[in-house]
């Protein structure tokens, strides 16, 4: 069960501000604990990682026994090691446990238990595409004041360059190893430690669900979200879900670029521009399916930072979307997609497109086409748009 990617989950803190007798990671949350909820998110990644749990020394054996069945079900390697006196020492212990096959490392605080799997995928994809450290972060929306120790306001801080940084934080393995081997002093997070070694760290958009459980109010919020997540994972048999999706692509400047649309190549037609093959119909279908399942959108799941999808055809996106939808407890009921544009002429190949898309999704797919009566960018022949609707049914 070797993997090129690893996630170190730091769960060795005491969490005294939470007001529980147990260490924070072992406080009950949903049907499990803060740590088990965090692990569920990690194991929802597209690529199953090598997982290292860093826990208090007296919890190593019990944690190892608790997660052994989880590792077996997920076909994942899960190691458990004792943490150190500080977070930095705990991460170093996790790093020392990783096999040589790992080239990308994500470090995650168990206290951010509800960080979604999509955030892990986004960070990992950005690390591999940019070959540098990546941290997820949110814009600071509140006005920020600098105050004195006695509570007097000293100044208002310009928040335009401020970000609230989260985890998971991802790095090339070699960069993180180097930073820890040469570290001088203690740092509040891995990004600061890596930056202290003279290495570049970039930011990608964070997720509001990746908040840190620190005080009782945070735990209450996490309990509510965990309950909602559990309800979504066990949909009622009588409750289908419907989603809509749209996509737009301009025609490529290169007249020789091939056109891919509705899963088919259209010889002699001008191609569409895009990070992938520009198949607006396939991408709109993916958007509709992800929306119905509550899994985000195409931009989140198949970000342009993910080099695996550069130039990929629509079938690749559709197959991966179907996998994610089914993993979330749904199956595709049916899909309709309407293509808006002057070209290509769909009618001669409509049945071929419907057969291909239906095969990939294992569900009926209806494909239609229309023009915009010479209005807008499609009417001017500048590109193609697509609108899709998808219905999902609970997997039985």
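General observations
- Of the residues making up region 269-282, one or more are touching a helix residue (DSSP H, G or I) at 6+ places or on another chain (Cβ under 6 Å), in the same structural domain as residue 383 (by TED's automatic domain parsing), modelled with pLDDT of 90 or more and crowded, with 16+ Cβ neighbours inside 10 Å.
- Test: residue in region 217-226 that is in the same structural domain as residue 128 (by TED's automatic domain parsing), in a loop (DSSP other than H, G, I, E, B) and either farther than 20 Å from residue 84 by Cα or more than 17 Å from the chain's Cα centre (by Cα) (or both): no
- None of 295, 392 is crowded, with 16+ Cβ neighbours inside 10 Å and farther than 30 Å from residue 127 by Cβ except 392.
- Here the condition is being assigned by TED's automatic domain parsing to the domain that holds residue 96, assigned to a strand (DSSP E or B) and either without any contact (Cβ under 8 Å) to a residue 40 or more places away in the chain or surrounded by 17 or more Cβ atoms within 10 Å (Cβ to Cβ) (or both); of 70, 80, it holds for 80 alone.
- Residue that is nearest to residue 274 (Cα to Cα) [pool: residues in region 364-384 that are modelled with pLDDT under 95 and in a loop (DSSP other than H, G, I, E, B)]: 382
- Set 179, 183: member being surrounded by 11 or more Cβ atoms within 10 Å (Cβ to Cβ), part of a loop (DSSP other than H, G, I, E, B), touching a helix residue (DSSP H, G or I) at 6+ places or on another chain (Cβ under 6 Å) and assigned by TED's automatic domain parsing to the domain that holds residue 95: 183
- Some residue of region 148-160 being part of a helix (DSSP H, G or I) and surrounded by fewer than 16 Cβ atoms within 10 Å (Cβ to Cβ): yes
- Of all the numbered requirements in (1) touching a helix residue (DSSP H, G or I) at 6+ places or on another chain (Cβ under 7 Å); (2) more than 28 Å from residue 221 (Cα to Cα), residue 96 misses one, and that requirement is (1).
- Consider region 10-36 and keep the residues that are touching a helix residue (DSSP H, G or I) at 6+ places or on another chain (Cβ under 6 Å) and not in a loop (DSSP other than H, G, I, E, B). The one that is nearest to residue 94 (Cα to Cα) is 10.
- Residues (within 14 Å of residue 315 (Cβ to Cβ), touching a residue at least 40 places away in the same chain (Cβ under 8 Å) and outside any helix (DSSP H, G or I)) located in region 252-290: 260, 261, 262, 263, 264, 276
- Flag if residue 41 is outside any helix (DSSP H, G or I) and either more than 16 Å from residue 116 (Cα to Cα) or in contact (Cβ under 8 Å) with a residue 40 or more places away in the chain (or both): no
- Scanning region 361-377 for residues that are buried (at least 21 other Cβ atoms within 10 Å of the Cβ) and under 22 Å from residue 253 (Cβ atoms) gives no hits.
The values are calculated or read from the model by the stated rules, or taken from the named source; none is laboratory data. Keep in mind it's a predicted model, so treat the numbers as computed, not measured. FYI the Cβ positions are ideal-geometry reconstructions off the backbone, even for glycines, and counts take in every protein chain you see.
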